[in-house]
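This report refers to the structure that appears directly beneath it.
The values are calculated or read from the model by the stated rules, or taken from the named source; none is laboratory data. What you are looking at is a predicted structure, and each value in this text was computed from that prediction instead of being measured. Using ideal geometry, Cβ is built from the backbone for each residue, glycine included, and neighbour counts are taken over all protein chains shown.
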Amino acid sequence: MFRVVCVLLLLWPVLLTGCGGSDSDVQIGVPSDVSTPPPISLDEWNQMTDINQKYDVDTLERLRASDPELESENAWNQFMKEVVMPKMKEEQPRPPQH
């Protein structure tokens, strides 16, 4: 009898949840519509103050998407070398001087 009670206690939550569908629109195996952030201009990027966000890969991809000329890998690499890297060195926090 004790075993039956224990099994029922273990199965009770399963029985309560059931195996029916849910009311939410989320479906397993179906990609959800995640909105991608819009491209940002060079001016908007320059005005960003959070260094971690500014040099994040996603932010840089948004910056690249704002200019059709940066679509080619060579143009993007040149832009990174001439614009992004110098700006990063300029904004990098300096270690305290002793």
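Report whether or not E69 is loosely packed, with under 10 Cβ neighbours inside 10 Å, in a helix (DSSP H, G or I) and either in contact (Cβ under 8 Å) with a residue 24 or more places away in the chain or in contact with a helix residue (DSSP H, G or I) (Cβ under 7 Å, 6 or more places away or on another chain) (or both).
yes
Hey, among M88, M80, which residue is of a type in the set (A, V, I, L, M) and at pLDDT 95 or above?
Selected residue: M80, the only one of M88, M80 that is of a type in the set (A, V, I, L, M) and at pLDDT 95 or above.
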